[in-house]
Amino acid sequence: MEVGLVALLRLTWVAAILPIILASLRLRPFHQTILGLAKRGKTMHPSSSKFTVPQRFFSHFYMVGTLWTTLLLLTTWLYACTAGSTSSTIFALHKSHRVWRALFLLWLMEAQVLRRLYESLYVFHYRPLARMHIFGYFIGMSYYIVASLSLCCTCAPEVFEFTLDLVSEGRKQWQPLEVIGGNRSPLWLGWKQWVGSAIFLWGWIHQLRILVIYVGLLIASGGADITIWLLLAFVVTNLGFAAAETQKWYIGKFEDYPKHRYAMIPFIF
């Protein structure tokens, strides 16, 4: 089941990345199709109201993302603590590190979706007539589901099976404090986790100016999982395409807009 889930997630990211790359290369009909589906707010013409929803529905992305990430976080934490109390022959050290590392990534993602949820509800002010394509709406709704699952995909099948067994057996006794406070100290963080979390925190604080949050997640994961590399690749290609098209809109809208300003990455793109 683990191999099947990982393969499915990787295939999902590849299927999402390739059309954006082809659209970025201005290959028709990819460019027009992706551009039409991705337009929203100021880049969408007011008359283009067919198959659209209000842009304020952006908050739905983060509501779903928060609920789903919290569910993954709690069940993974419960699994790590409970399974960690068994013998080392069943819950080997490398397996323990893998699960707790996934849990650490979920904590970081939880901070991100909670922050975005707060911003969408109390900071962002969408124009009453601002719209977005319904396809983009469903993509946004599913993004954080797939992204959070990708961060813990190597242990998610075990967690799901454990949770189902826990519910079906009606098991109520759980003493995580004995495990966490025990001699084995299962919550293991190496230098990659510390460096990754530092980069994540820096990007989280300066999110309005830079985008390195997912680089931090990648480093904190250890960099060995291709699924998280594909997650980062999707974020970069998606934001790159959006940045290029938004800059094109600014150039056409404002005569004094600097035409040689970089769209996303200084001195590169």
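Each row is one residue, and each column tells you yes or no for (1) closer than 25 Å to Ala111 by Cα; (2) of a type in the set (Phe, Trp, Tyr); (3) modelled with pLDDT of 95 or more.
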position: Ala224; (1), (2), (3): yes, no, no
position: Thr227; (1), (2), (3): yes, no, yes
position: Gly240; (1), (2), (3): yes, no, no
position: Thr246; (1), (2), (3): no, no, no
position: Tyr250; (1), (2), (3): no, yes, no
position: His260; (1), (2), (3): no, no, no
Scanning region 91-118 residue by residue, the ones that are open to solvent by less than 40 Å² (accessible area, probe 1.4 Å) and either outside any helix (DSSP H, G or I) or under 22 Å from Thr52 (Cβ atoms) (or both) total 2
Would a scan of region 78-85 turn up a residue that is out of contact with any Lys or Arg (no Cβ under 9 Å at 6 or more places or on another chain), modelled with pLDDT of 80 or more, over 26 Å from Ile205 (Cβ atoms) and open to solvent by less than 10 Å² (accessible area, probe 1.4 Å)? yes
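One line per residue, one yes/no per condition, for (1) of a type outside the set (Asp, Glu); (2) at positive phi; (3) at pLDDT below 80:
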| residue | (1), (2), (3) |
| --- | --- |
| Glu2 | no, no, yes |
| Leu9 | yes, no, no |
| Ile21 | yes, no, no |
| Ala38 | yes, no, yes |
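Residues checked against (1) touching an Asp or Glu at 6+ places or on another chain (Cβ under 8 Å); (2) modelled with pLDDT of 90 or more; (3) outside any helix (DSSP H, G or I):
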{"site": "Phe160", "(1), (2), (3)": "no, yes, no"}
{"site": "Gln173", "(1), (2), (3)": "no, no, yes"}
{"site": "Glu178", "(1), (2), (3)": "no, no, no"}
{"site": "Leu189", "(1), (2), (3)": "no, no, yes"}
{"site": "Leu208", "(1), (2), (3)": "no, no, yes"}
Going through (1) in contact (Cβ under 8 Å) with a residue 40 or more places away in the chain; (2) open to solvent by 10 Å² or more (accessible area, probe 1.4 Å) one by one, Ser142 fails only at (1)
Any idea which of Leu208, Leu218 is free of Cβ contacts under 8 Å to residues at least 60 places away in the same chain and in contact with a Leu (Cβ under 6 Å, 6 or more places away or on another chain)? Leu218
Got at least one residue in region 60-69 being out of contact with any Lys or Arg (no Cβ under 9 Å at 6 or more places or on another chain), surrounded by 16 or more Cβ atoms within 10 Å (Cβ to Cβ) and at pLDDT below 90? no
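Could you check how many residues of region 191-214 are surrounded by fewer than 18 Cβ atoms within 10 Å (Cβ to Cβ) and within 20 Å of Cys153 (Cβ to Cβ)?
1
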Test: residue in region 230-251 that is assigned to a helix (DSSP H, G or I) and loosely packed, with under 12 Cβ neighbours inside 10 Å: no
Would you mind stating whether Leu121 is open to solvent by 20 Å² or more (accessible area, probe 1.4 Å) and among the hydrophobic types (A, V, I, L, M, F, W, C)? yes
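The values are calculated or read from the model by the stated rules, or taken from the named source; none is laboratory data. The structure presented is a predicted model; accordingly, all values stated were derived computationally and were not measured. Virtual Cβ from ideal backbone geometry, glycine too; neighbours counted across all protein chains shown. Side chains are part of the model used for accessible areas, which takes the heavy atoms of the whole protein and leaves out ligands, DNA and RNA. Shrake-Rupley method; radii C 1.70, N 1.55, O 1.52, S 1.80 Å.
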